[in-house]
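The values are calculated or read from the model by the stated rules, or taken from the named source; none is laboratory data. The model shown is predicted, which means the values in this text are computed figures rather than measured ones. All Cβ positions, glycine included, derive from the backbone under ideal geometry; neighbour counts span all protein chains shown. Protein only, heavy atoms only, side chains kept; ligands, DNA and RNA dropped before computing areas. Shrake-Rupley method; radii C 1.70, N 1.55, O 1.52, S 1.80 Å.
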Amino acid sequence: MSKRAVSFFPQEEEMEINKENRKRPSSDSLVQQSQWQLHNSDPPTVAFARSMDLNRENKKRASSDSFLQWSQWQLLDSILPTGGFAHSFGLEAAIQASIVSCPEDLQTFVIHLLENTGSLLLPFVYSTTMSPDSETRRKLDKMLDAMLTNEVSRKASISQGSALMRVAASVYSEIPYLKSMREASLSSGVVSFHHAPMFGVICGLLGLDSATSQRAYMFITMRDVISAATRLNLVGPLGAAVLQHQIAPVAEAILNRWKDRPVEEACQTVALLDIVQGCHGYLFSRLFCS
């Protein structure tokens, strides 16, 4: 049995003991290494490759989300040929009936129109956004067709909805469901789509949440009626932009009052506007379809 030579110099002996202790790993360091291996079981090369794959997936997902936003914004673009600018929502008839004759009357008219839109049409936009399938759309389409007793507004809704369906099936080619839905409807002889349910379906397929889709529908309604007012020489382009900005907070309040409601609660709140729009077909001369 080998014995370590005893040194007569205590300092040298202490230094040799420290050297041997440093060579022998401590129990604490072994535990730390085991814990590190438990949480980092992959070699450095595998961990690096995995992080690269994760970064690549994140970039791909971000790119997909960015492209989706472009598609969502295009749905609200006035250049989308859905026929919205061919309708005045009863404003032309209201002008000829002397109900609207100045910008102040126009502001009141737009607010009442948004109130009607929120109470009657937002429930249909909400329901189809949450369930953008053919069965739900077909059911709500028939329900809205029965609720729109005003023939002018009913035809306008079908005209805009059918145009929106045709345009969406052609533009959003990355969503084949739209094209197959339109082809199935054409083959069955049903070519009419009401605008509010169809708008909700497209919003749902484009990934818009229910609150955003309902706000978007209120926006395009306000945009189109104020645009009609400029062509009827009721307000200039700059005045129209100012008016739209002023009404925005009121529109948001109306949205919060009527959003996320089931179709069973859909109703008309300003009946006078519905009556006036129904008189549009009796105008001797008219610029708009409704």
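Residue pairs whose Cβ atoms lie under 8 Å apart, sitting 6 or more positions apart in sequence or on different chains, and linking a residue in the stretch 65-79 that is within 13 Å of Ile220 (Cβ to Cβ) to a partner that is surrounded by 11 or more Cβ atoms within 10 Å (Cβ to Cβ) and of a type in the set (D, E, K, R), are Ser78/Arg223.
For the stretch 147-169, check the following and say yes or no: at least one residue is open to solvent by less than 60 Å² (accessible area, probe 1.4 Å), part of a helix (DSSP H, G or I) and acidic (Asp, Glu). Within the stretch 147-169, not a single residue is open to solvent by less than 60 Å² (accessible area, probe 1.4 Å), part of a helix (DSSP H, G or I) and acidic (Asp, Glu).
Quick check on this structure: which one of Phe284, Phe288 is of a type outside the set (A, V, I, L, M) and open to solvent by less than 80 Å² (accessible area, probe 1.4 Å)? Before you say what the answer is, go through the steps one by one.
Details: Phe284 fails: open to solvent by less than 80 Å² (accessible area, probe 1.4 Å).
Criteria check complete, one pass: Phe288.
Among the residues making up the stretch 109-146, those that are open to solvent by 40 Å² or more (accessible area, probe 1.4 Å) and either of a type outside the set (Val, Ile, Thr) or modelled with pLDDT under 95 (or both) are His112, Tyr126, Met130, Ser131, Asp133, Glu135, Arg138, Lys139, Lys142, Met143, Asp145, Ala146.
So, of the residues in the stretch 252-266 that are in a loop (DSSP other than H, G, I, E, B) and open to solvent by 50 Å² or more (accessible area, probe 1.4 Å), which turns out to be farthest from Thr221 (Cα to Cα)? Explain how you work it out, then say what you get.
Here is the first cut: in the stretch 252-266, the ones in a loop (DSSP other than H, G, I, E, B) are 259-262, 266.
Still in the list and also open to solvent by 50 Å² or more (accessible area, probe 1.4 Å): 259-262.
Working: Lys259: 15, Asp260: 18, Arg261: 19, Pro262: 20 Å.
So the residue we want is Pro262.
Only residues that are open to solvent by 20 Å² or more (accessible area, probe 1.4 Å) and either modelled with pLDDT of 95 or more or at negative phi (or both) were counted in the stretch 205-228, giving 10.
Taken together, Phe288, Phe284 contain a single residue that is at pLDDT below 95 and touching a His at 6+ places or on another chain (Cβ under 7 Å), which is Phe288.
If you take the residues in the stretch 75-105 that are of a type in the set (Val, Ile, Thr) and in a loop (DSSP other than H, G, I, E, B), which one is least open to solvent (accessible area, probe 1.4 Å)?
Keep residues of the stretch 75-105 that are of a type in the set (Val, Ile, Thr), which gives 79, 82, 95, 99-100.
Right, trim to in a loop (DSSP other than H, G, I, E, B) and you get 79, 82, 99-100.
On the way: Ile79: 132, Thr82: 25, Ile99: 75, Val100: 4 Å².
The extreme case among them is Val100.
The set of residues in the stretch 206-245 that are of a type in the set (A, V, I, L, M), assigned to a helix (DSSP H, G or I) and in contact (Cβ under 8 Å) with a residue 24 or more places away in the chain comprises Ala211, Ala216, Met218, Ile220, Met222, Val225, Ile226, Ala228, Ala229, Leu243. Residues in the stretch 229-251: is at least one crowded, with 21+ Cβ neighbours inside 10 Å and in contact with an Asp or Glu (Cβ under 8 Å, 6 or more places away or on another chain)? Scanning the stretch 229-251 turns up no residue that is crowded, with 21+ Cβ neighbours inside 10 Å and in contact with an Asp or Glu (Cβ under 8 Å, 6 or more places away or on another chain). Just name the residue that is nearest to the chain's Cα centre (by Cα) out of those in the stretch 54-74 that are at pLDDT 80 or above and open to solvent by less than 80 Å² (accessible area, probe 1.4 Å). The selected residue is Gln72.
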